[in-house]
Amino acid sequence: MLVSPAEEAATVIAAVLHDLTTGDHRGVVVDSPPGAGKSTLVVRAAGELAATGDPLMIVAQTNEQVDDLIERLGARSPEIGVGRLSAVDYLPSDRVKAHPACRVAAKVGDLGSPSVTIGTAAKWATVTEGTWPWAIVDEAYQMRSDALLRVAPRFERALFVGDPGQLDPFSTVEVDRWIGLSWDPMLSAVAVLLRHNPDLPVHRLPVSWRLPASAAPVVARAFYPFTGFRSGTGPGDRTLTFGQSARDPFDEALDSAAATGWGLHELAERFTVRTDAEAAAACAQLAARALTRDGVASSESGTGPLTADRIAVGAAHRDQVAVIRSLLPAEAAEVTVDTANRLQGREYDLTIVLHPLSGRRDATAFHLESGRLCVLTSRHRHGCVVVARAGIAELLDAHPSTEPVHLNVPVKFPDGWEANQSMLAHLYRS
(Lines give C-alpha, C1' and ligand atoms only; values in the text may rest on other atoms or scores of the structure.)
Protein backbone atom coordinates (compact mmCIF):
# COMPACT_ATOMS: atom_id res chain seq x y z
CA MET A 1 0.00 0.00 0.00
CA LEU A 2 1.31 3.45 -0.92
CA VAL A 3 1.99 5.70 2.04
CA SER A 4 1.44 9.43 1.64
CA PRO A 5 4.42 11.75 2.19
CA ALA A 6 2.75 13.21 5.28
CA GLU A 7 2.21 9.77 6.82
CA GLU A 8 5.76 8.67 6.04
CA ALA A 9 7.23 11.83 7.58
CA ALA A 10 4.96 11.58 10.64
CA THR A 11 6.12 8.00 11.28
CA VAL A 12 9.77 9.02 11.28
CA ILE A 13 9.17 12.07 13.51
CA ALA A 14 7.25 9.93 16.01
CA ALA A 15 10.18 7.48 16.12
CA VAL A 16 12.63 10.35 16.68
CA LEU A 17 10.65 11.77 19.60
CA HIS A 18 10.18 8.29 21.08
CA ASP A 19 13.91 7.54 20.98
CA LEU A 20 14.71 10.96 22.39
CA THR A 21 12.41 10.78 25.40
CA THR A 22 12.40 7.07 26.27
CA GLY A 23 15.75 5.65 25.14
CA ASP A 24 18.78 5.23 27.39
CA HIS A 25 21.27 6.67 24.89
CA ARG A 26 22.70 10.17 25.27
CA GLY A 27 21.88 11.35 21.80
CA VAL A 28 19.71 10.96 18.71
CA VAL A 29 20.82 11.97 15.20
CA VAL A 30 18.37 13.08 12.51
CA ASP A 31 19.53 13.44 8.90
CA SER A 32 17.44 15.89 6.91
CA PRO A 33 17.43 16.54 3.16
CA PRO A 34 16.74 20.10 1.93
CA GLY A 35 13.37 21.42 3.05
CA ALA A 36 12.39 18.30 4.99
CA GLY A 37 10.98 20.19 7.98
CA LYS A 38 14.15 20.18 10.05
CA SER A 39 13.30 23.45 11.80
CA THR A 40 9.74 22.24 12.33
CA LEU A 41 11.10 19.13 14.03
CA VAL A 42 13.41 21.22 16.22
CA VAL A 43 10.54 23.49 17.30
CA ARG A 44 8.20 20.57 17.96
CA ALA A 45 10.82 18.69 19.97
CA ALA A 46 11.60 21.85 21.94
CA GLY A 47 7.93 22.31 22.78
CA GLU A 48 7.50 18.72 23.93
CA LEU A 49 10.67 18.69 26.01
CA ALA A 50 9.85 22.05 27.60
CA ALA A 51 6.37 20.75 28.47
CA THR A 52 7.97 18.14 30.74
CA GLY A 53 9.21 20.93 33.00
CA ASP A 54 12.89 20.28 32.35
CA PRO A 55 14.90 23.24 31.02
CA LEU A 56 16.26 22.93 27.51
CA MET A 57 19.16 24.50 25.63
CA ILE A 58 19.24 24.95 21.85
CA VAL A 59 22.48 25.39 19.94
CA ALA A 60 22.35 26.92 16.44
CA GLN A 61 25.23 27.96 14.19
CA THR A 62 24.35 31.53 13.22
CA ASN A 63 22.38 34.45 14.65
CA GLU A 64 20.01 34.20 11.68
CA GLN A 65 19.20 30.60 12.61
CA VAL A 66 18.70 31.57 16.26
CA ASP A 67 16.25 34.33 15.39
CA ASP A 68 14.40 32.08 12.96
CA LEU A 69 13.94 29.40 15.62
CA ILE A 70 12.73 31.98 18.15
CA GLU A 71 10.14 33.19 15.65
CA ARG A 72 8.96 29.63 15.03
CA LEU A 73 8.85 28.86 18.76
CA GLY A 74 6.73 31.95 19.31
CA ALA A 75 4.28 30.85 16.61
CA ARG A 76 3.94 27.25 17.82
CA SER A 77 4.34 27.55 21.60
CA PRO A 78 3.97 31.22 22.62
CA GLU A 79 3.42 30.27 26.25
CA ILE A 80 6.92 28.80 26.61
CA GLY A 81 9.48 31.23 27.99
CA VAL A 82 12.55 31.68 25.80
CA GLY A 83 15.93 33.14 26.70
CA ARG A 84 18.06 34.47 23.85
CA LEU A 85 21.79 34.35 24.65
CA SER A 86 23.52 37.08 22.69
CA ALA A 87 26.53 39.35 22.46
CA VAL A 88 26.53 42.49 24.60
CA ASP A 89 25.98 44.72 21.55
CA TYR A 90 23.26 42.54 19.99
CA LEU A 91 20.13 44.41 18.93
CA PRO A 92 17.02 42.16 18.96
CA SER A 93 15.51 41.67 15.51
CA ASP A 94 11.82 42.24 14.88
CA ARG A 95 11.29 38.48 14.92
CA VAL A 96 12.73 38.23 18.42
CA LYS A 97 10.76 41.23 19.63
CA ALA A 98 7.56 39.65 18.33
CA HIS A 99 7.93 36.63 20.61
CA PRO A 100 5.55 37.19 23.54
CA ALA A 101 7.83 35.59 26.13
CA CYS A 102 11.40 36.09 24.97
CA ARG A 103 14.11 37.71 27.07
CA VAL A 104 17.50 38.74 25.65
CA ALA A 105 20.72 38.87 27.68
CA ALA A 106 24.45 38.28 27.34
CA LYS A 107 24.64 36.05 30.43
CA VAL A 108 22.62 32.99 31.40
CA GLY A 109 22.00 34.38 34.87
CA ASP A 110 20.24 37.43 33.43
CA LEU A 111 17.67 35.44 31.48
CA GLY A 112 15.51 34.50 34.46
CA SER A 113 15.56 30.68 34.14
CA PRO A 114 13.45 30.28 30.95
CA SER A 115 12.16 26.91 29.76
CA VAL A 116 14.24 27.24 26.58
CA THR A 117 17.62 28.94 26.34
CA ILE A 118 18.90 29.43 22.79
CA GLY A 119 22.12 30.83 21.34
CA THR A 120 24.84 30.23 18.78
CA ALA A 121 27.52 27.59 19.33
CA ALA A 122 30.08 30.41 19.65
CA LYS A 123 28.04 32.05 22.41
CA TRP A 124 27.41 28.78 24.25
CA ALA A 125 31.18 28.18 24.24
CA THR A 126 31.54 31.17 26.58
CA VAL A 127 29.14 29.65 29.16
CA THR A 128 31.23 28.00 31.86
CA GLU A 129 28.61 27.17 34.50
CA GLY A 130 25.32 25.32 34.64
CA THR A 131 23.97 22.19 32.98
CA TRP A 132 20.74 21.39 31.14
CA PRO A 133 19.02 17.99 31.02
CA TRP A 134 18.26 18.43 27.32
CA ALA A 135 19.88 20.04 24.30
CA ILE A 136 18.99 20.37 20.65
CA VAL A 137 21.82 21.04 18.20
CA ASP A 138 20.53 22.52 14.95
CA GLU A 139 22.56 22.30 11.70
CA ALA A 140 24.79 19.78 13.45
CA TYR A 141 26.60 18.79 10.23
CA GLN A 142 27.75 22.39 9.81
CA MET A 143 29.07 22.52 13.39
CA ARG A 144 32.79 21.84 13.86
CA SER A 145 33.70 19.05 16.28
CA ASP A 146 35.77 21.39 18.46
CA ALA A 147 32.68 23.59 18.89
CA LEU A 148 30.71 20.56 20.10
CA LEU A 149 33.50 19.68 22.53
CA ARG A 150 33.25 23.14 24.09
CA VAL A 151 29.50 22.97 24.69
CA ALA A 152 29.09 19.24 25.48
CA PRO A 153 29.66 19.71 29.26
CA ARG A 154 26.52 21.88 29.39
CA PHE A 155 23.97 19.12 28.59
CA GLU A 156 23.13 15.53 29.49
CA ARG A 157 21.17 14.31 26.44
CA ALA A 158 20.79 15.82 23.00
CA LEU A 159 19.02 15.76 19.65
CA PHE A 160 21.34 16.45 16.70
CA VAL A 161 19.57 17.61 13.53
CA GLY A 162 21.25 18.53 10.25
CA ASP A 163 21.67 18.03 6.52
CA PRO A 164 24.56 15.68 5.62
CA GLY A 165 24.52 16.69 1.95
CA GLN A 166 25.25 20.39 2.34
CA LEU A 167 28.28 22.47 3.24
CA ASP A 168 30.85 21.01 5.59
CA PRO A 169 32.45 23.05 8.39
CA PHE A 170 35.15 25.35 7.06
CA SER A 171 38.16 27.18 8.39
CA THR A 172 40.29 30.11 7.24
CA VAL A 173 43.49 28.53 8.60
CA GLU A 174 45.47 25.48 7.44
CA VAL A 175 44.18 22.30 9.08
CA ASP A 176 46.28 19.60 7.40
CA ARG A 177 48.07 18.78 10.66
CA TRP A 178 44.85 17.28 12.11
CA ILE A 179 43.63 15.26 9.12
CA GLY A 180 42.98 11.65 10.08
CA LEU A 181 43.07 12.26 13.83
CA SER A 182 40.01 11.41 15.91
CA TRP A 183 40.09 14.93 17.36
CA ASP A 184 40.29 16.69 13.98
CA PRO A 185 38.43 19.96 14.69
CA MET A 186 37.28 20.21 11.06
CA LEU A 187 35.17 17.08 11.26
CA SER A 188 31.49 17.79 11.69
CA ALA A 189 29.96 17.42 15.12
CA VAL A 190 27.90 14.45 13.88
CA ALA A 191 30.91 12.68 12.35
CA VAL A 192 32.82 12.79 15.65
CA LEU A 193 29.73 11.96 17.67
CA LEU A 194 29.03 8.79 15.67
CA ARG A 195 32.70 7.80 15.55
CA HIS A 196 32.83 7.67 19.34
CA ASN A 197 29.20 6.55 19.82
CA PRO A 198 28.41 4.18 16.94
CA ASP A 199 25.33 2.78 18.69
CA LEU A 200 23.39 6.07 18.69
CA PRO A 201 20.10 5.87 16.75
CA VAL A 202 20.13 7.67 13.39
CA HIS A 203 16.88 8.65 11.70
CA ARG A 204 16.36 10.13 8.23
CA LEU A 205 13.55 12.48 7.31
CA PRO A 206 12.14 11.02 4.07
CA VAL A 207 10.27 13.94 2.48
CA SER A 208 11.27 17.37 1.18
CA TRP A 209 8.43 19.85 1.52
CA ARG A 210 10.41 22.58 -0.25
CA LEU A 211 11.62 20.92 -3.43
CA PRO A 212 8.94 20.26 -6.06
CA ALA A 213 8.44 16.92 -7.79
CA SER A 214 10.67 18.17 -10.64
CA ALA A 215 13.62 18.79 -8.30
CA ALA A 216 13.57 16.22 -5.50
CA PRO A 217 14.67 13.21 -7.60
CA VAL A 218 17.35 15.28 -9.36
CA VAL A 219 18.86 16.60 -6.11
CA ALA A 220 18.51 13.20 -4.39
CA ARG A 221 20.30 11.42 -7.24
CA ALA A 222 23.15 13.95 -7.36
CA PHE A 223 23.75 14.58 -3.65
CA TYR A 224 21.99 11.84 -1.63
CA PRO A 225 22.58 8.68 -3.71
CA PHE A 226 22.45 6.26 -0.76
CA THR A 227 19.64 7.69 1.34
CA GLY A 228 17.31 9.46 -1.06
CA PHE A 229 14.05 11.25 -0.35
CA ARG A 230 10.90 12.27 -2.18
CA SER A 231 8.95 15.43 -2.69
CA GLY A 232 5.92 16.19 -0.56
CA THR A 233 4.11 17.34 -3.71
CA GLY A 234 3.37 15.60 -6.97
CA PRO A 235 3.65 16.62 -10.63
CA GLY A 236 1.33 19.52 -11.35
CA ASP A 237 0.78 20.44 -7.69
CA ARG A 238 2.91 23.56 -8.18
CA THR A 239 3.01 25.81 -11.21
CA LEU A 240 5.02 28.86 -12.16
CA THR A 241 3.73 30.88 -15.09
CA PHE A 242 5.09 33.97 -16.84
CA GLY A 243 3.44 36.61 -18.99
CA GLN A 244 4.50 37.83 -22.42
CA SER A 245 7.83 36.51 -23.70
CA ALA A 246 10.38 38.16 -25.97
CA ARG A 247 11.73 34.69 -26.84
CA ASP A 248 15.34 35.67 -26.21
CA PRO A 249 17.77 33.37 -24.31
CA PHE A 250 16.75 34.86 -20.94
CA ASP A 251 13.09 34.12 -21.54
CA GLU A 252 13.88 30.66 -22.86
CA ALA A 253 15.72 29.81 -19.62
CA LEU A 254 12.87 31.19 -17.50
CA ASP A 255 10.24 29.37 -19.54
CA SER A 256 12.19 26.12 -19.20
CA ALA A 257 12.37 26.58 -15.42
CA ALA A 258 8.63 27.26 -15.31
CA ALA A 259 7.80 24.21 -17.42
CA THR A 260 10.31 21.64 -16.13
CA GLY A 261 11.65 23.12 -12.87
CA TRP A 262 15.11 23.66 -14.38
CA GLY A 263 16.64 26.11 -16.82
CA LEU A 264 20.16 26.55 -18.20
CA HIS A 265 21.41 29.86 -19.55
CA GLU A 266 24.69 28.90 -21.19
CA LEU A 267 27.26 31.48 -22.25
CA ALA A 268 30.06 31.02 -24.75
CA GLU A 269 32.99 28.93 -23.56
CA ARG A 270 35.75 31.17 -22.25
CA PHE A 271 38.24 31.38 -19.39
CA THR A 272 37.37 34.40 -17.27
CA VAL A 273 38.31 36.14 -14.06
CA ARG A 274 36.26 35.11 -11.05
CA THR A 275 34.01 38.16 -11.31
CA ASP A 276 32.91 37.35 -14.84
CA ALA A 277 31.05 40.52 -15.88
CA GLU A 278 28.98 38.81 -18.58
CA ALA A 279 27.86 35.97 -16.30
CA ALA A 280 27.10 38.39 -13.45
CA ALA A 281 25.05 40.56 -15.80
CA ALA A 282 23.15 37.49 -17.00
CA CYS A 283 22.22 36.60 -13.42
CA ALA A 284 20.99 40.14 -12.74
CA GLN A 285 19.06 40.31 -16.02
CA LEU A 286 17.36 36.97 -15.39
CA ALA A 287 16.14 38.19 -12.00
CA ALA A 288 14.92 41.47 -13.46
CA ARG A 289 13.23 39.73 -16.42
CA ALA A 290 11.41 37.33 -14.09
CA LEU A 291 9.88 40.36 -12.34
CA THR A 292 8.90 42.23 -15.50
CA ARG A 293 7.12 39.17 -16.89
CA ASP A 294 4.58 39.17 -14.05
CA GLY A 295 5.23 35.65 -12.82
CA VAL A 296 2.57 33.84 -10.80
CA ALA A 297 3.40 30.99 -8.42
CA SER A 298 0.71 28.50 -7.43
CA SER A 299 1.17 25.79 -4.82
CA GLU A 300 -0.49 24.05 -1.90
CA SER A 301 0.16 27.28 0.05
CA GLY A 302 -1.91 29.36 -2.36
CA THR A 303 -1.43 31.51 -5.44
CA GLY A 304 0.43 34.80 -5.59
CA PRO A 305 2.66 37.01 -7.73
CA LEU A 306 6.37 36.27 -8.04
CA THR A 307 7.79 39.21 -6.09
CA ALA A 308 11.40 40.29 -5.65
CA ASP A 309 11.64 38.92 -2.12
CA ARG A 310 10.78 35.45 -3.47
CA ILE A 311 13.74 35.40 -5.89
CA ALA A 312 17.33 34.62 -4.95
CA VAL A 313 20.61 34.69 -6.84
CA GLY A 314 23.37 32.45 -5.48
CA ALA A 315 27.11 32.41 -6.18
CA ALA A 316 30.23 30.83 -4.70
CA HIS A 317 32.18 33.99 -3.76
CA ARG A 318 31.39 37.26 -2.04
CA ASP A 319 32.99 39.34 -4.81
CA GLN A 320 30.70 37.66 -7.34
CA VAL A 321 27.74 38.48 -5.11
CA ALA A 322 28.82 42.13 -4.92
CA VAL A 323 29.06 42.44 -8.70
CA ILE A 324 25.67 40.81 -9.31
CA ARG A 325 24.00 42.97 -6.67
CA SER A 326 25.47 46.14 -8.23
CA LEU A 327 23.96 45.20 -11.60
CA LEU A 328 20.41 44.70 -10.37
CA PRO A 329 17.99 47.43 -11.51
CA ALA A 330 16.10 49.44 -8.90
CA GLU A 331 12.91 47.39 -9.29
CA ALA A 332 14.85 44.24 -8.36
CA ALA A 333 16.61 45.72 -5.34
CA GLU A 334 14.82 43.33 -2.94
CA VAL A 335 16.07 40.23 -4.75
CA THR A 336 18.33 38.26 -2.41
CA VAL A 337 21.89 37.88 -3.70
CA ASP A 338 24.26 35.88 -1.52
CA THR A 339 26.78 33.08 -1.22
CA ALA A 340 25.87 29.44 -0.72
CA ASN A 341 27.02 29.64 2.91
CA ARG A 342 24.53 32.40 3.69
CA LEU A 343 21.68 30.99 1.59
CA GLN A 344 21.79 27.70 3.45
CA GLY A 345 18.51 27.02 5.22
CA ARG A 346 16.50 29.57 3.21
CA GLU A 347 13.94 29.03 0.45
CA TYR A 348 12.50 30.97 -2.48
CA ASP A 349 10.08 30.45 -5.34
CA LEU A 350 12.72 31.02 -8.03
CA THR A 351 16.50 30.79 -7.74
CA ILE A 352 19.23 31.79 -10.18
CA VAL A 353 22.60 30.11 -9.71
CA LEU A 354 26.00 31.16 -11.03
CA HIS A 355 27.71 27.80 -11.44
CA PRO A 356 30.87 27.58 -9.26
CA LEU A 357 32.90 26.15 -12.16
CA SER A 358 31.77 28.63 -14.81
CA GLY A 359 34.69 30.13 -16.75
CA ARG A 360 37.37 28.41 -14.67
CA ARG A 361 40.63 26.90 -15.91
CA ASP A 362 40.79 24.42 -13.01
CA ALA A 363 38.47 22.52 -10.70
CA THR A 364 39.70 23.15 -7.15
CA ALA A 365 38.39 21.34 -4.08
CA PHE A 366 36.47 24.49 -3.08
CA HIS A 367 34.63 24.76 -6.40
CA LEU A 368 34.07 21.00 -6.64
CA GLU A 369 32.60 20.65 -3.15
CA SER A 370 29.30 18.85 -3.60
CA GLY A 371 27.71 20.64 -0.63
CA ARG A 372 28.14 24.05 -2.27
CA LEU A 373 26.33 23.05 -5.43
CA CYS A 374 23.73 21.20 -3.35
CA VAL A 375 22.87 24.35 -1.41
CA LEU A 376 22.69 26.50 -4.55
CA THR A 377 20.42 24.09 -6.43
CA SER A 378 18.05 23.20 -3.57
CA ARG A 379 16.66 26.56 -2.41
CA HIS A 380 13.65 26.70 -4.74
CA ARG A 381 9.99 25.75 -4.48
CA HIS A 382 9.22 26.11 -8.20
CA GLY A 383 12.21 26.63 -10.50
CA CYS A 384 15.98 27.03 -10.69
CA VAL A 385 17.98 28.63 -13.52
CA VAL A 386 21.71 27.87 -13.73
CA VAL A 387 23.99 30.39 -15.45
CA ALA A 388 27.21 28.84 -16.73
CA ARG A 389 29.76 29.09 -19.49
CA ALA A 390 30.02 26.12 -21.81
CA GLY A 391 32.89 23.73 -21.22
CA ILE A 392 32.26 22.66 -17.62
CA ALA A 393 31.85 18.99 -18.57
CA GLU A 394 35.18 19.10 -20.41
CA LEU A 395 36.78 20.85 -17.43
CA LEU A 396 35.58 18.06 -15.14
CA ASP A 397 36.95 15.41 -17.51
CA ALA A 398 40.30 17.20 -17.60
CA HIS A 399 40.47 17.51 -13.82
CA PRO A 400 39.48 14.20 -12.26
CA SER A 401 39.54 14.09 -8.48
CA THR A 402 43.15 13.99 -7.29
CA GLU A 403 42.58 14.73 -3.62
CA PRO A 404 44.83 12.54 -1.46
CA VAL A 405 43.24 9.67 0.46
CA HIS A 406 43.99 9.91 4.18
CA LEU A 407 43.94 7.13 6.73
CA ASN A 408 41.05 7.22 9.22
CA VAL A 409 39.12 9.73 7.11
CA PRO A 410 35.79 8.38 5.82
CA VAL A 411 35.34 8.88 2.10
CA LYS A 412 32.50 11.31 1.43
CA PHE A 413 29.85 10.34 -1.08
CA PRO A 414 29.07 11.64 -3.53
CA ASP A 415 32.26 13.45 -4.43
CA GLY A 416 31.99 16.82 -6.14
CA TRP A 417 33.07 15.48 -9.53
CA GLU A 418 30.25 12.96 -9.64
CA ALA A 419 27.64 15.41 -8.28
CA ASN A 420 28.56 18.07 -10.84
CA GLN A 421 28.38 15.59 -13.71
CA SER A 422 24.97 14.40 -12.55
CA MET A 423 23.55 17.93 -12.34
CA LEU A 424 25.01 18.96 -15.71
CA ALA A 425 23.58 15.89 -17.39
CA HIS A 426 20.10 16.77 -16.16
CA LEU A 427 20.41 20.45 -17.12
CA TYR A 428 21.37 19.54 -20.67
CA ARG A 429 18.37 17.22 -20.89
CA SER A 430 15.91 19.85 -19.60
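I'd like to verify a number: residues in the range 92-109 that are surrounded by fewer than 20 Cβ atoms within 10 Å (Cβ to Cβ) and closer than 22 Å to residue 345 by Cα, how many? Before you say what the answer is, go through the steps one by one.
Residues of the range 92-109 that are surrounded by fewer than 20 Cβ atoms within 10 Å (Cβ to Cβ), as a first pass: 92-95, 97-98, 100-101, 103-107, 109.
Restricting the remaining residues to those that are closer than 22 Å to residue 345 by Cα gives 92-95, 97-98.
The qualifying residues number 6.
Only residues that are part of a helix (DSSP H, G or I), modelled with pLDDT under 95 and farther than 26 Å from residue 33 by Cα: list them for the range 120-152, please.
Passing the criteria: only 150.
Suppose we filter the range 379-416 for residues that are at pLDDT below 90 and either not basic (Lys, Arg) or not assigned by TED's automatic domain parsing to the domain that holds residue 346 (or both); how many remain?
The qualifying residues number 19.
For the range 1-55, which positions are over 22 Å from residue 208 (Cα atoms), out of contact with any Leu (no Cβ under 7 Å at 6 or more places or on another chain) and of a type in the set (A, V, I, L, M, F, W, C)?
Matches in the range 1-55: 51 only.
Kindly provide the set of residues from the range 154-171 that are modelled with pLDDT of 95 or more and in a loop (DSSP other than H, G, I, E, B), ordered by number.
Of everything in the range 154-171, nothing turns out to be modelled with pLDDT of 95 or more and in a loop (DSSP other than H, G, I, E, B).
Does the range 222-248 hold any residues that are among the hydrophobic types (A, V, I, L, M, F, W, C) and either free of Cβ contacts under 8 Å to residues at least 12 places away in the same chain or under 20 Å from residue 32 (Cα atoms) (or both), and which are they?
Scanning the range 222-248 gives 222, 223, 226, 229, 246.
Looking at the range 168-185, can you tell me whether even one residue there is crowded, with 22+ Cβ neighbours inside 10 Å, in the same structural domain as residue 44 (by TED's automatic domain parsing), on the phi < 0 side of the Ramachandran plot and of a type in the set (A, V, I, L, M)? Walk me through it before giving the result.
Initial filter on the range 168-185 (crowded, with 22+ Cβ neighbours inside 10 Å): none.
No, the range 168-185 has no match at all.
What is the one condition in (1) in contact (Cβ under 8 Å) with a residue 24 or more places away in the chain; (2) in a helix (DSSP H, G or I); (3) charged (D, E, K, R) that residue 195 does not satisfy?
(1)
List the strands (runs of 3 or more DSSP E) that sit entirely inside the range 222-299 and contain at least 1 residues that are farther than 19 Å from residue 379 by Cα.
Per the criteria, 262-267.
Looking at 349, 276, 319, which one is buried (at least 22 other Cβ atoms within 10 Å of the Cβ), within 22 Å of the chain's Cα centre (by Cα) and not assigned by TED's automatic domain parsing to the domain that holds residue 34?
Matching residue, one of 349, 276, 319: 349.
Could you give me the residue pairs with C-beta distances under 8 Å whose first residue belongs to the range 41-57 and is in a helix (DSSP H, G or I), whose second residue is crowded, with 17+ Cβ neighbours inside 10 Å and small (Gly, Ala, Ser) wherever it lies, and which are 6+ apart or on separate chains?
41/32; 43/77; 46/77; 47/77; 50/77; 50/115
Just checking, does the range 11-27 include any residue being assigned to a loop (DSSP other than H, G, I, E, B) and surrounded by 13 or more Cβ atoms within 10 Å (Cβ to Cβ)?
Among the residues of the range 11-27, at least one is assigned to a loop (DSSP other than H, G, I, E, B) and surrounded by 13 or more Cβ atoms within 10 Å (Cβ to Cβ), which makes the answer yes.
Does any residue in the range 113-134 that is in the same structural domain as residue 152 (by TED's automatic domain parsing) come within less than 7 Å, Cβ to Cβ, of a residue that is surrounded by fewer than 22 Cβ atoms within 10 Å (Cβ to Cβ) and of a type in the set (Ser, Thr, Tyr) six or more places away or on a different chain, and which pairs are these?
Note: pairs meeting the criteria are 119/86; 120/62; 123/86.
The values are calculated or read from the model by the stated rules, or taken from the named source; none is laboratory data. Every value quoted in this text rests on a predicted model; they were computed, and no experiment measured them. Reconstructed Cβ throughout: ideal geometry from the backbone, glycine too, with neighbour counts over all protein chains shown.
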